[in-house]
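Heads up: the structure comes next, in structure tokens.
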Amino acid sequence: MAATREDIINALKTVEDPELFKDIVTLNMVKEVHICAGAVKVDVELTTPACPLKENIRNSVTTAVMQVPGVASVEVNLSAKVRSMIEQKPILPGVLNIIAVGAGKGGVGKSTVAVNLAVGLALQGARVGLLDGDVYGPSIPTMTGLAIQNPSLRDEKIVPFEIGPAEHVIKVMSIGFIVPPEKALIWRGPMVHGVIKQFLEQVDWGDLDYLVVDLPPGTGDVSLTLAQSIPLTGAVIVATPQEVALADARRAVRMFQQLGVSILGVVENMSYFVCEHGTQYDIFGRGGARKMATTMGLPFLGELPIDMQIRKLSDNGDPFTNFSSAGPSQKQLVSIVQTLAGQISVRNMTRPAGKPLKVDVTE
Ligand code: ADP
């Protein structure tokens, strides 16, 4: 008996996305089913190229379809299309997801995490931009190896700089290229608001899956303005584990929540340090930020150790090497990036985009 399209679809309805906890047909991830004699081809569209569970999904689809009577072979083609929940985007129209990276206070590694999130997402195959919104202390130019310079204009729009290898290019723009930090320091709230808004509207990001925005630390004017002016998908909070830092981190979380911005997750930076003999030291008390995330009901994205290589590569403007050399943080960075991408997909799940299911049967 030949397998029918209904048989295949019913089998696919038993395959759950491991992060989204719904079946892949309901999630509109099955894009095409092709049946030719007993050979079945299924096209599955993942919600992010950074999906950590690609192979699990492939295996589950294969197993489910192979159980249908009459199926002799299964080919699963995986692609990815990042979804967006942002509907009205008067500014940044081609950007699918905007992720703010914030912290309760300075020096906890917020910019470092922002840069590495952008790099990690780009290395997974996503189209990525990185916006340095830290008016008072823009560090993204140094961390990405860009000298302070005037950006060029195209059609009266600011053209972002590009870093990284051709196949994983990241577009980078810093407010530090436009406004010197010493000038920003003497501004009052409304002026900051005006300049930031204008700046945001004038950068030509083109089409991006993810725009990572490095916010200034704390809950001051600039953070508030940015969080209110940009249609954010959500925010990532970076915190170090000690109690004095966590009190500020909680305040930052509450600021976003009061503005209606959801928290995509918490990263614990400088969690611990491993010396050259392999002994681990919990300098700031590992686990504090994880505990904070749990008690506040927030996703925990992962922990990063104190790693001299991260610091050196930041100073040298070479963040891509964090992912290519087997330093103590490489695995954690990839895991944080993938967990974040998963959380963004979860946020976007309520508004699935893309074409409806197309079934093509040639029996
Ligand atoms: P923030 O943006 O929160 O002010 P930065 O990202 O600028 O903090 O980091 C402050 C300093 O700490 C930088 O020199 C950076 O290279 C360093 N740093 C951040 N995270 C780590 C880490 N996990 N290991 C080692 N150095 C780090």
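The values are calculated or read from the model by the stated rules, or taken from the named source; none is laboratory data. These numbers come from a predicted model, not from an experiment. Ideal geometry is used to build each Cβ from the backbone, glycine not excepted, and the neighbour counts take in all protein chains shown.
Annotations for the structure displayed:
- Pick from segment 23-58, criterion surrounded by fewer than 15 Cβ atoms within 10 Å (Cβ to Cβ) and in contact (Cβ under 8 Å) with a residue 60 or more places away in the chain, ranking: nearest to Pro299 (Cα to Cα): Cys36
- Test: residue in segment 164-178 that is assigned by TED's automatic domain parsing to the domain that holds Ala114, farther than 30 Å from Cys51 by Cα and either surrounded by fewer than 19 Cβ atoms within 10 Å (Cβ to Cβ) or away from the ligand (no atom under 16 Å from the Cβ) (or both): yes
- Subset of segment 139-150 [more than 10 Å from the ligand (Cβ to nearest atom) and assigned to a loop (DSSP other than H, G, I, E, B)]: Thr144, Gly145, Leu146, Ala147, Ile148, Gln149, Asn150
- Looking at Leu264, Leu224, Leu333, just one residue is part of a helix (DSSP H, G or I), modelled with pLDDT of 95 or more and under 30 Å from Gly94 (Cβ atoms), and that residue is Leu333.
- Selection of first residues in segment 268-280 that are closer than 17 Å to Gly302 by Cα and more than 14 Å from the ligand (Cβ to nearest atom) and of second residues that are aliphatic (A, V, I, L, M) and assigned to a loop (DSSP other than H, G, I, E, B), restricted to Cβ pairs under 7 Å at least 6 apart or on distinct chains, gives an empty result.
- Yes/no for Ile158 being surrounded by fewer than 22 Cβ atoms within 10 Å (Cβ to Cβ), of a type outside the set (Lys, Arg), away from the ligand (no atom under 16 Å from the Cβ) and modelled with pLDDT under 90: no
- Inside segment 314-328, residues that are touching a residue at least 60 places away in the same chain (Cβ under 8 Å) and not in a loop (DSSP other than H, G, I, E, B) make up a count of 4.
- Positions within segment 97-117 being assigned to a loop (DSSP other than H, G, I, E, B) and either aliphatic (A, V, I, L, M) or within 8 Å of the ligand (Cβ to nearest atom) (or both), in sequence order: Lys105, Gly106, Gly107, Val108, Gly109
- Looking only at segment 283-313, and only at residues there that are more than 14 Å from the ligand (Cβ to nearest atom) and part of a loop (DSSP other than H, G, I, E, B), the one that is nearest to Leu340 (Cα to Cα): Pro299
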